[in-house]
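Worksheet: one structure, shown below.
The values are calculated or read from the model by the stated rules, or taken from the named source; none is laboratory data. Since we're looking at a predicted model, the values are computed, not measured. As a convention, Cβ positions derive from the backbone with ideal geometry for all residues, glycine included, and neighbour counts pool all protein chains shown. Heads up: the accessible areas ignore ligands, DNA and RNA and are worked out on the full protein's heavy atoms, side chains in. Shrake-Rupley method; radii C 1.70, N 1.55, O 1.52, S 1.80 Å.
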Protein chains: 4
Amino acid sequence: MIRVGVIGYGYWGPNIVRNLHALDSARVAAICDRSPDAQRRAKHAYPSVQITSDASEVLRSPRIDAVAVVTPVCTHFALAKAALENGKHVFVEKPLTSNATQAEELIELAQKRDLKIMVDHTFLFTGAVKKIRQLIDQGELGELYYYDSMRVNLGLFQHDIDVIWDLAPHDLSIMDYLIRKEPESVVATGERHLNAHADVAFITVYFPQNTIAHINVNWLSPVKVRTTLIGGEKKMLVWNDLEPDEKIKVYDKGVQIASREGVYELLVSYRSGDMWAPKIEQTEALKVELNYFVSCIENNETPFNDGVAGLRVIKLLEAAEESLKLRGDSVFV
Amino acid sequence: MIRVGVIGYGYWGPNIVRNLHALDSARVAAICDRSPDAQRRAKHAYPSVQITSDASEVLRSPRIDAVAVVTPVCTHFALAKAALENGKHVFVEKPLTSNATQAEELIELAQKRDLKIMVDHTFLFTGAVKKIRQLIDQGELGELYYYDSMRVNLGLFQHDIDVIWDLAPHDLSIMDYLIRKEPESVVATGERHLNAHADVAFITVYFPQNTIAHINVNWLSPVKVRTTLIGGEKKMLVWNDLEPDEKIKVYDKGVQIASREGVYELLVSYRSGDMWAPKIEQTEALKVELNYFVSCIENNETPFNDGVAGLRVIKLLEAAEESLKLRGDSVFV
Amino acid sequence: MIRVGVIGYGYWGPNIVRNLHALDSARVAAICDRSPDAQRRAKHAYPSVQITSDASEVLRSPRIDAVAVVTPVCTHFALAKAALENGKHVFVEKPLTSNATQAEELIELAQKRDLKIMVDHTFLFTGAVKKIRQLIDQGELGELYYYDSMRVNLGLFQHDIDVIWDLAPHDLSIMDYLIRKEPESVVATGERHLNAHADVAFITVYFPQNTIAHINVNWLSPVKVRTTLIGGEKKMLVWNDLEPDEKIKVYDKGVQIASREGVYELLVSYRSGDMWAPKIEQTEALKVELNYFVSCIENNETPFNDGVAGLRVIKLLEAAEESLKLRGDSVFV
Amino acid sequence: MIRVGVIGYGYWGPNIVRNLHALDSARVAAICDRSPDAQRRAKHAYPSVQITSDASEVLRSPRIDAVAVVTPVCTHFALAKAALENGKHVFVEKPLTSNATQAEELIELAQKRDLKIMVDHTFLFTGAVKKIRQLIDQGELGELYYYDSMRVNLGLFQHDIDVIWDLAPHDLSIMDYLIRKEPESVVATGERHLNAHADVAFITVYFPQNTIAHINVNWLSPVKVRTTLIGGEKKMLVWNDLEPDEKIKVYDKGVQIASREGVYELLVSYRSGDMWAPKIEQTEALKVELNYFVSCIENNETPFNDGVAGLRVIKLLEAAEESLKLRGDSVFV
């Protein structure tokens, strides 16, 4: 039985608590939030759990094995560091920290103390992403050509970060999980319209062997779009996360250039076959992820979404941020 | 009655001929194509029109007032130049020429001879684009924040140009028509997978006052998408050109930042009201455009989609191409 | 403060309890269910509420003002009757009872005791239905021509009732609320495939002045559809309840027959204008409904979805059932 | 080379002529229409074809082998009869005639003269219907449970027939082609709102072994819907004819009732697997059909969509019409 303290009970925290609460292998030992309203909500929903406004109560409690950090990004490092220093495993909301140096420090600290860091890259635990990874691993798509994701809606403006740090960690972590190549360079463009932070941004990541990824994030879209196109040598797929049932559609479509004879005789052959929507596992991703967190602690295993994975995402975020400031110059990762 | 010679009867030429044929103010005087199959098709459909394989017959014929150039891009300049030199107005398929120098030469030549150049930016004559322009002119959207277009499908591979020169002229000409600001810089990324030309590309165009445009073109998408998001200070719209009826949806949605008090108190107010799909004129755009071409000749008026407009698009294409080669560095226009 | 006992904690009961629990004006005094699993779930979620397996504890408790009956249809009458006899107001899941005689007995009993009956016709409290009613009341649609609803999916098979008694109460109550004319006759067709009850059914209701309603209910559809077309003399609308945002689309479309001269000269004029999706209130319908139930009790007002409204629906269900048995003969209401 | 005369050049006639014109095995020998405007259009498009306003010229011409009758329904019988009497094969627009007696007379006449009758049930030649038939024949769906079709839009009002005779022949012919059982009875309801003919109608057809078909036709719908659900014992499918690419989706979904123990223990098991959209042949159906017509004549074969098939549809239309007049009473076929 792993006893978890949850710091942060704003927008996402309640989901962490609800799912931990439902696990047999974990127990929510304490919930911490500075906001009286959040404390009241927590108390109403979990009358038997300790509620506090003081993070150090959670960080130092001997009755707590692990801490979930679900606070604004700028506070992740200090809280996670304190937790690790107090001998607690940490589950940290994405992105792991505000910069790579902080992430590296946490990774080193956790390694020394033999503690786990898990970054909440929830999407990696959805049925959809797991199915796409499986299709790629089975060679269904062939060599990957491109990954093109659109994540836009009239979003929750964040006061401390821009749209890249807010939304792109989702796409970057999925991309990292699916493509499994070392990124070569990053180009980001974008613009701000309401405050000091970009609210619209477009990121390109170059990989070896002509694989390319593109991420479109936007807080100012009138419609919600969560669609990713993945093109492969053999097949292509569309993942529409807003579809209730048929989230992934695999197309037996493609183009082949057979040969080339003379300027006017480019022999392109198109292939167009069936479309297929595989059944997707429906379990709530966060439940699967938290269960995995607890099991990694119990079995002393390194999660695949560990601090190192979180660091890879942060390095890409930093590169994107730097490129954005230069209005699009190429930044090597 | 304007007598038009049409050079090129491949994929798009038949549409030009069909629409010219239906105009009362124009007559198709000759059709030229080197392919025997194209000649046969033309003869079958228009038994009374002169069909030839020799472009110079069209370019020099005294019975012809204007020439429509509907051939591969690399031939546009030579054909349009010869037509102008022979005193004929020209209607040229987009993009106008292969580079800006050529376009400038054509513009100068036309000016000297007092002839018209019209570039076939067909989309500017669709009911949808005309309606969006009208909404912008009426101030319905307010200050423009962003223009974000996606034009992807399993496309016709072109042998002589890449996906940017093939598809982006549509979006760049629409963007130019709607935004009406001088672009500042262009960033393009992309990749090639099958032959020497990029088949996937992403273009960002920076404008003054934080207006930004983004164009996603892809020949390797399993699904066809033709969607443009336009975000404004007051309202936002989605133009889905594949919708048969409700192509444009205007959303009374927005975000306002009222004030900012302290780090944790960003006062963002979201506005969410009705959605409205205005009725769109249904006339075939190419018919409207060709009618306008004829009327510009008859009334000696300069078309708004003239050589200068075509040149603006080519300069953006050249900038995008240069940026693409640099894997995304910013190129000033 | 109205104290409510809830009988039935299966599929729908938890929603009743959750919404009552959130009201300031009500308190969930007891939850009753015979299933140990349901009791466990209730206890886990509401540790401070009395949980019982004995309905009579709820029905007779002096500490309870009103009873919500959320059990299988065949038990509604006995439970509601007992509640009324014990001086309690009742909120009964739809359909009110298994037949009209029972409903009439409950209505009479409630009247005598000056108690409220409310039938859970939840849809009448959705933003969508309220908006449609408002549009009709404002004369936006003009004279109603037809109401055509489709409610199909791979449904929860009910063991004691057929698809008409399970799904059609939704549509019949909405239709009753919107059309406000006395039905003239009912025709129902349908078929059973798996057990003794029809799983596919089609109901037509004739109203005066050529208004007609049609309801398509199906437990065996591979896709979920919740779409209603409403045609009026002036405008028409489509209500798609599965759309997250634009549930109602109002079309400025219509047909007019101007006059008729000779057999070949029917002058029909079509009108096609804008489409408009009004903003819809987003509050959870059940919350609004339960709040209304409590307020009707407190202010001694008769709810519009009272026993008499429930009886009207049951009479239509009985007529449909009779017609279905006759494989579609017309049954007068 | 079969020489065909086409009578009727209004809405559908031009499509018949265009497709016949493109066939190598047929020649359009004459086009007849009483409207001067139609004659002008025909002359413009086919300058070399004989155009006439006198049907008897076509019916009696010795240079004509077959006649296509593409006129209002009430004229089908007289024209087809005259054609057969003059020794010509006939291709008749759906529905074949205005009543069953006429159809029977034509069938008998054709048989005596050894001539072909083909009824234009175009949908039977679409890739979609052919694929569904193939899936049924291969046993993919298992025993058919239901066929439920919706064919609604703001339609072309017909002056001489109601919405059933106008639209339902499509669905009835498809249903007849797919279900291949003898219908038992028909129930139709509907209403008229603008002139003397019903503009909204709902038809149910009962078949043996609990197979049921339902057809929803409506001239007054604000949106166009062309969707058919087909439920089978093993699988279910949705055919959306408005989808450009994925017209048919086959769902590996179903319900099974394993056993039944006690009133409260109905063991229903749901099966939910992959969805699959088979590739559909894209050839224009009318072209395939007219090619088949010509080939049936040349090879002296009886088309499957012959007069007898047309008669089956007319008998269902007559039964539906009779039921409609009775406001829904069951009519045996």
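Looking at C:Val223, C:Val238, which is the one that is β-branched (Val, Ile, Thr), facing chain D (nearest Cβ under 8 Å) and under 15 Å from C:Ile280 (Cβ atoms)?
Going through C:Val223, C:Val238 in turn, just one is β-branched (Val, Ile, Thr), facing chain D (nearest Cβ under 8 Å) and under 15 Å from C:Ile280 (Cβ atoms): C:Val238.
Would you call B:Ile230 more than 7 Å from chain A (Cβ to nearest Cβ) and open to solvent by less than 10 Å² (accessible area, probe 1.4 Å)?
Working: more than 7 Å from chain A (Cβ to nearest Cβ): yes; open to solvent by less than 10 Å² (accessible area, probe 1.4 Å): yes.
Judged against the criteria, B:Ile230 is a match.
Considering only residues of the stretch C:129-156 that are among the β-branched types (Val, Ile, Thr) and away from chain D (no Cβ under 11 Å), which is most open to solvent (accessible area, probe 1.4 Å)? Step through it out loud before you land on a result.
Step one: list which residues in the stretch C:129-156 are among the β-branched types (Val, Ile, Thr), which gives C:129, C:132, C:136, C:152.
Now restrict to residues that are away from chain D (no Cβ under 11 Å): C:129, C:132, C:136.
Numbers: C:Val129: 0, C:Ile132: 0, C:Ile136: 30 Å².
If we take residues in the stretch C:129-156 being among the β-branched types (Val, Ile, Thr) and away from chain D (no Cβ under 11 Å), then C:Ile136 is most open to solvent (accessible area, probe 1.4 Å).
Taking into account only those residues within the stretch D:269-297 that are of a type in the set (Asp, Glu) and in contact with a strand residue (DSSP E or B) (Cβ under 8 Å, 6 or more places away or on another chain), which is nearest to the other protein chains (Cβ to nearest Cβ)?
Taking the stretch D:269-297 first, the residues of a type in the set (Asp, Glu) are D:274, D:281, D:284, D:289.
Now drop any that are not in contact with a strand residue (DSSP E or B) (Cβ under 8 Å, 6 or more places away or on another chain), which leaves D:274, D:289.
On the way: D:Asp274: 5, D:Glu289: 23 Å.
For the stretch D:269-297, the residue satisfying everything is D:Asp274.
Would the stretch A:34-56 turn up any residue that is in contact (Cβ under 8 Å) with a residue 40 or more places away in the chain and open to solvent by 10 Å² or more (accessible area, probe 1.4 Å)? Talk me through it step by step, then tell me what you get.
Quick first cut of the stretch A:34-56, residues in contact (Cβ under 8 Å) with a residue 40 or more places away in the chain only: A:55.
Okay, now just the ones that are also open to solvent by 10 Å² or more (accessible area, probe 1.4 Å), so A:55.
Taking every residue of the stretch A:34-56 in turn, at least one turns out to be in contact (Cβ under 8 Å) with a residue 40 or more places away in the chain and open to solvent by 10 Å² or more (accessible area, probe 1.4 Å).
Assess whether C:Leu115 counts as being aliphatic (A, V, I, L, M), without any contact (Cβ under 8 Å) to a residue 40 or more places away in the chain and within 19 Å of C:Tyr292 (Cα to Cα). Explain how you work it out, then say what you get.
Working: aliphatic (A, V, I, L, M): yes; without any contact (Cβ under 8 Å) to a residue 40 or more places away in the chain: yes; within 19 Å of C:Tyr292 (Cα to Cα): yes.
Considered against the rule, which asks whether it is aliphatic (A, V, I, L, M), without any contact (Cβ under 8 Å) to a residue 40 or more places away in the chain and within 19 Å of C:Tyr292 (Cα to Cα), C:Leu115 comes out as yes.
Would you check which residues across the stretch A:63-99 are free of Cβ contacts under 8 Å to residues at least 12 places away in the same chain and among the β-branched types (Val, Ile, Thr) and list them? Even if it seems obvious, please write down each step before you answer.
First, pick out the residues of the stretch A:63-99 that are free of Cβ contacts under 8 Å to residues at least 12 places away in the same chain: A:75, A:78.
Within the stretch A:63-99, A:Thr75 is the sole residue that qualifies.
Considering B:Glu322, B:Glu298, B:Glu318, which residue is open to solvent by 40 Å² or more (accessible area, probe 1.4 Å), more than 20 Å from B:Asp166 (Cβ to Cβ) and not β-branched (Val, Ile, Thr)?
Numbers: B:Glu322 fails: more than 20 Å from B:Asp166 (Cβ to Cβ); B:Glu318 fails: more than 20 Å from B:Asp166 (Cβ to Cβ).
Answer to the selection: B:Glu298.
Among B:Ala103, B:Ala110, which is closer than 25 Å to B:Glu321 by Cα, crowded, with 20+ Cβ neighbours inside 10 Å and touching a Gly at 6+ places or on another chain (Cβ under 7 Å)?
On the way: B:Ala110 fails: closer than 25 Å to B:Glu321 by Cα.
Residue meeting the stated conditions: B:Ala103.
Looking at C:Arg18, C:Arg3, which is the one that is in contact with an Asp or Glu (Cβ under 6 Å, 6 or more places away or on another chain) and among the charged types (D, E, K, R)? Please lay out each step first, then the result.
Details: C:Arg18 fails: in contact with an Asp or Glu (Cβ under 6 Å, 6 or more places away or on another chain).
None of the other options fit; the residue is C:Arg3.
So for the stretch A:137-145 (the condition being under 29 Å from A:Val200 (Cβ atoms) and touching a helix residue (DSSP H, G or I) at 6+ places or on another chain (Cβ under 9 Å)), does at least one residue qualify?
The first filter runs over the stretch A:137-145 and keeps only residues under 29 Å from A:Val200 (Cβ atoms), leaving A:144-145.
Next, only the ones that are touching a helix residue (DSSP H, G or I) at 6+ places or on another chain (Cβ under 9 Å) stay: A:144.
Checking the stretch A:137-145: at least one residue is under 29 Å from A:Val200 (Cβ atoms) and touching a helix residue (DSSP H, G or I) at 6+ places or on another chain (Cβ under 9 Å).
Here is a yes/no grid of residues against (1) touching a residue at least 60 places away in the same chain (Cβ under 8 Å); (2) farther than 22 Å from D:Leu124 by Cα; (3) of a type outside the set (Ser, Thr, Tyr); (4) outside any helix (DSSP H, G or I):
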site	(1), (2), (3), (4)
D:Met175	no, no, yes, no
D:Pro183	yes, no, yes, yes
D:Ala188	yes, yes, yes, yes
D:His193	no, yes, yes, yes
D:Pro222	yes, yes, yes, yes
D:Lys249	no, no, yes, yes
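Modelled with pLDDT of 95 or more, over 15 Å from the mean Cα position of the chain (by Cα) and open to solvent by 10 Å² or more (accessible area, probe 1.4 Å) - does that describe any residue in the stretch B:116-123?
Here is the first cut: in the stretch B:116-123, the ones modelled with pLDDT of 95 or more are B:116-123.
Those still in the list that are over 15 Å from the mean Cα position of the chain (by Cα) too: B:116.
Still in the running and open to solvent by 10 Å² or more (accessible area, probe 1.4 Å): B:116.
Scanning the stretch B:116-123, I find at least one residue that is modelled with pLDDT of 95 or more, over 15 Å from the mean Cα position of the chain (by Cα) and open to solvent by 10 Å² or more (accessible area, probe 1.4 Å), so the answer is yes.
With the checklist (1) under 30 Å from A:Asp199 (Cβ atoms); (2) acidic (Asp, Glu); (3) within 14 Å of chain B (Cβ to nearest Cβ) in hand, flag the one item A:Glu318 doesn't pass.
It is condition (3) that A:Glu318 fails.
State all residues of the stretch C:149-173 that are over 21 Å from C:Pro222 (Cβ atoms) and not in a loop (DSSP other than H, G, I, E, B); if no residue qualifies, say none. Give the derivation first.
Narrowing the stretch C:149-173 to residues over 21 Å from C:Pro222 (Cβ atoms): C:159-161, C:165, C:169, C:172-173.
Residues satisfying the conditions are C:Trp165, C:Pro169, C:Leu172, C:Ser173.
Is one or more of the residues making up the stretch C:40-61 more than 14 Å from chain A (Cβ to nearest Cβ) and touching a Leu at 6+ places or on another chain (Cβ under 8 Å)?
Scanning the stretch C:40-61, I find at least one residue that is more than 14 Å from chain A (Cβ to nearest Cβ) and touching a Leu at 6+ places or on another chain (Cβ under 8 Å), so the answer is yes.
How many residues are among the aromatic types (Phe, Trp, Tyr) and within 7 Å of chain A (Cβ to nearest Cβ) when one looks only at the stretch B:203-214? It would help to see each step written out before you state the result.
Initially, the stretch B:203-214 is screened for residues among the aromatic types (Phe, Trp, Tyr), giving B:206-207.
Then drop every residue that is not within 7 Å of chain A (Cβ to nearest Cβ), which leaves B:206.
Selection size over the stretch B:203-214: 1.
Restricted to the stretch B:171-184, and to residues that are of a type outside the set (A, V, I, L, M, F, W, C) and open to solvent by 10 Å² or more (accessible area, probe 1.4 Å), which residue is nearest to the other protein chains (Cβ to nearest Cβ)? Give the steps one after another, and end with the answer.
Initial filter on the stretch B:171-184 (of a type outside the set (A, V, I, L, M, F, W, C)): B:171, B:173, B:176-177, B:180-184.
From the residues that got through so far, the ones that are open to solvent by 10 Å² or more (accessible area, probe 1.4 Å) too are B:176-177, B:180-184.
Numbers: B:Asp176: 18, B:Tyr177: 20, B:Arg180: 17, B:Lys181: 13, B:Glu182: 16, B:Pro183: 12, B:Glu184: 8 Å.
Among residues in the stretch B:171-184 that are of a type outside the set (A, V, I, L, M, F, W, C) and open to solvent by 10 Å² or more (accessible area, probe 1.4 Å), the one nearest to the other protein chains (Cβ to nearest Cβ) is B:Glu184.
Give the stretch D:212-245 a look and list any residue that's under 18 Å from C:Thr228 (Cβ atoms) and polar (S, T, N, Q), or say none.
D:Asn216, D:Asn218, D:Ser221, D:Thr227
Of the residues C:Val187, C:Val217, C:Val200, which single one is open to solvent by less than 30 Å² (accessible area, probe 1.4 Å), under 17 Å from C:Ile314 (Cα atoms) and within 7 Å of chain D (Cβ to nearest Cβ)? Lay out the reasoning, then the answer.
Values: C:Val217 fails: within 7 Å of chain D (Cβ to nearest Cβ); C:Val200 fails: under 17 Å from C:Ile314 (Cα atoms).
Only one candidate passes the filter, namely C:Val187.
Specify the residue that is most open to solvent (accessible area, probe 1.4 Å); the eligible residues are those in the stretch A:280-290 that are in a loop (DSSP other than H, G, I, E, B) and not acidic (Asp, Glu).
So the first thing to find is which residues in the stretch A:280-290 are in a loop (DSSP other than H, G, I, E, B), and the list is A:280-284.
Next, only the ones that are not acidic (Asp, Glu) stay: A:280, A:282-283.
On the way: A:Ile280: 16, A:Gln282: 132, A:Thr283: 65 Å².
Selected residue: A:Gln282.
Which pairs turn up if I take residues in the stretch B:1-25 that are without any contact (Cβ under 8 Å) to a residue 40 or more places away in the chain and look for partners that are of a type in the set (D, E, K, R) and open to solvent by 40 Å² or more (accessible area, probe 1.4 Å) with beta carbon separation below 7 Å, at least 6 apart in sequence or on another chain?
B:Met1/B:Arg27
Checking the conditions here, which among D:Phe293, D:Phe304 is closer than 22 Å to D:Gly127 by Cβ, open to solvent by less than 10 Å² (accessible area, probe 1.4 Å) and not in a strand (DSSP E or B)? Walk me through it before giving the result.
Details: D:Phe304 fails: open to solvent by less than 10 Å² (accessible area, probe 1.4 Å).
Every option except D:Phe293 fails the conditions.
When you check A:Asp166 against the structure, is it in contact (Cβ under 8 Å) with a residue 12 or more places away in the chain and in contact with a Leu (Cβ under 6 Å, 6 or more places away or on another chain), yes or no?
Details: in contact (Cβ under 8 Å) with a residue 12 or more places away in the chain: yes; in contact with a Leu (Cβ under 6 Å, 6 or more places away or on another chain): no.
Here the answer is no, as A:Asp166 does not meet what is asked.
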